[in-house]
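Single-structure report; data block below.
The values are calculated or read from the model by the stated rules, or taken from the named source; none is laboratory data. Since this is a predicted model, take the numbers as computed values, not measurements. Neighbour counts run over all protein chains shown; Cβ positions are idealised from the backbone, glycine included. Side chains included, ligands, DNA and RNA excluded: accessible areas come from the protein's heavy atoms. Shrake-Rupley method; radii C 1.70, N 1.55, O 1.52, S 1.80 Å.
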Amino acid sequence: MKVTVIGAGPAGSTAAFYLAKAGCEVDLVDRVDFPREKACAGGLFNPLLFEKEFPHIVGIEGRDLFRVRFSYGSCSFQPEAARPLLRTVIRKEFDRFLLECARKAGARFTVGTPSTKNGIVIRATGVRPPADYKSAGICMEYDFAAERDIDTIRVHYGFSGIKGYCWLYPKHGYANVGVGAYLPQKDIKDVFGRYIEHLEAEGIVIRKSQHHRASIIPFSPPKRPLGGESFGCGPPGVLIGDAAGFVRPGTGEGIYFAMCSGKAAARMVTEKKDEKWYQKECVRMFGRYLKSTVASLPPRLCNRVLGKAVKIGSKDQQFGKLLAEDFFRLGYHSLTGRFLVNLFR
């Protein structure tokens, strides 16, 4: 069975890996060679779940982090987990690792324009323009040298009034700093600069120059899929990863869902399943995370609600712990009841 996978990011390389392992003839095609830069913080949320779902990535180089500081304005709290919340990786190296896994399994990688005349097509073609989505966001990030060793993730909601959050993800010897917000957000570059200044004032990062990488973030399936319904599965090719809009609103996380959808698409092909099966399998694997408390907040209310959540977390240790577990997917928690109880105390 011949399959063409277009796009060799985490979604495409994962699909190619499982297809090749199952004995398919796989052409994995990308418009650029690897390694390549990608606008991404390079964070694997709940890395132990990653390793459980994708055993071939066990041992990937990175830094495990157990503590996070949530902030809103001058209020903050800092829960710590027994399991790692996040593993920070170098994104271009992570992508190259996944591509090499696919190649070792038997996939044939080429750079250029794919031929889709014969066989089955899986499209991991990335993000489209914002107008193609009912809901979308934007992120801007870069890596900065650290003044000292940092072992705490930072998530700063509503910084400079954005409908989103700024972050700091510690890595070995440096830190990834970024901002993510719902669109429209016209002044994101200014907010990014102000957050770097904020971290500089605390003596955390060193800015020698202000570079940045930026990308659109899809928070819904595309309005005009290439084929089929809902997730865009159909004759022109099943959509996976960012191309299908599999990104979690509220956090902007997408790597885990991209890889899960790639694995599901490979099973759909090798087990001769249909589109409805693919949709249900994606929902089974990660649908609950896309509809959790943090992910379900309307953009217009996110600052107001998350600001109050941070205040509650600074007083209620258990609530703060559950918020951290929900954010990083260590558990699936409905925080609404506990939030309302604390709100009216």
How far, in degrees from 0 to 90, does helix 317-327 lean away from the longest principal axis of the Cα atoms of the chain, to the nearest 10? 30 degrees
Those lysines that a straight Cα-Cα span of less than 17 Å connects to residue 171, excepting residues fewer than 8 apart in one chain: 38, 92
Hey, can you rank 40-49, 313-322 by average C-beta count inside 10 Å, highest first? 40-49, 313-322
Among 285, 144, 84 the positive-end extreme of the charge dipole of the chain (Cβ point charges): 285
Length-normalised contact order for segment 1-120 - Cα pairs under 8 Å, 6+ apart - percent: 41 percent
Report the accessible area of residue 67, computed with a 1.4 Å probe over the heavy atoms of all protein chains in place, in Å² rounded to the nearest 10. 60 Å²
Which whole-number percent is the relative contact order of the chain (Cα, under 8 Å, 6+ apart)? 21 percent
Residue 193: net charge of surrounding residues, Cβ under 12 Å, Lys/Arg +1, Asp/Glu -1, itself excluded? -1
Estimated inter-spin distance, residue 151 and residue 76, nm [label 7 Å along Cα→Cβ]: 1.7 nm
Residue 58 accessible area, nearest 10 Å², 1.4 Å probe? 90 Å²
Nearest-0.05 FRET efficiency for residue 200 and residue 116 at R0 = 56 Å, using Cβ-Cβ distance, is 0.70
Residues of segment 30-46 with backbone nitrogen within less than 19 Å of a virtual label 7 Å along the Cα-to-Cβ line of residue 208, please, listed as ranges. none
Out of 16, 136, 265, a Gaussian network model of the chain with alpha-carbon springs under 10 Å gives the largest mean-square fluctuation to 136
Which entries in 104/263; 2/273; 189/263; 163/291 show an alpha-carbon gap greater than 27 Å? 189/263
Restricting to Cα pairs below 8 Å that are 6+ residues apart, what does the relative contact order work out to for segment 245-312? Please round to a whole percent. 36 percent
At a Förster distance of 35 Å, what's the computed FRET efficiency of residue 32 paired with residue 288, Cβ-Cβ distance as r, to 0.05? 0.55
How much FRET efficiency would the formula 1/(1 + (r/R0)^6) give for residue 270 and residue 223, where r is the Cβ-Cβ distance and R0 is 25 Å, rounded to 0.05? 0.25
Note down the net charge around residue 263, summing +1 for each Lys or Arg and -1 for each Asp or Glu among other residues with Cβ under 10 Å from its Cβ. -1
So what's the angle, to the nearest 10 degrees on a 0 to 90 scale, between helix 255-270 and the longest Cα principal axis of the chain? 20 degrees
Sequence-distant aspartates and glutamates (8 or more away, or on other chains) whose Cα lies within less than 16 Å of residue 21: 53, 100, 271
Rounded to the nearest 10 Å², the 1.4 Å probe accessible area of residue 101 is 20 Å²
With a 1.4 Å probe and all protein chains left in place, how much accessible area per residue does the chain have, in Å²? 44 Å²
Packing-based order for 206-214, 139-147, using average beta carbon neighbours within 10 Å, highest first: 139-147, 206-214
Of the accessible area of the chain, with the probe set at 1.4 angstrom, what percent is carbon plus sulfur? 50 percent
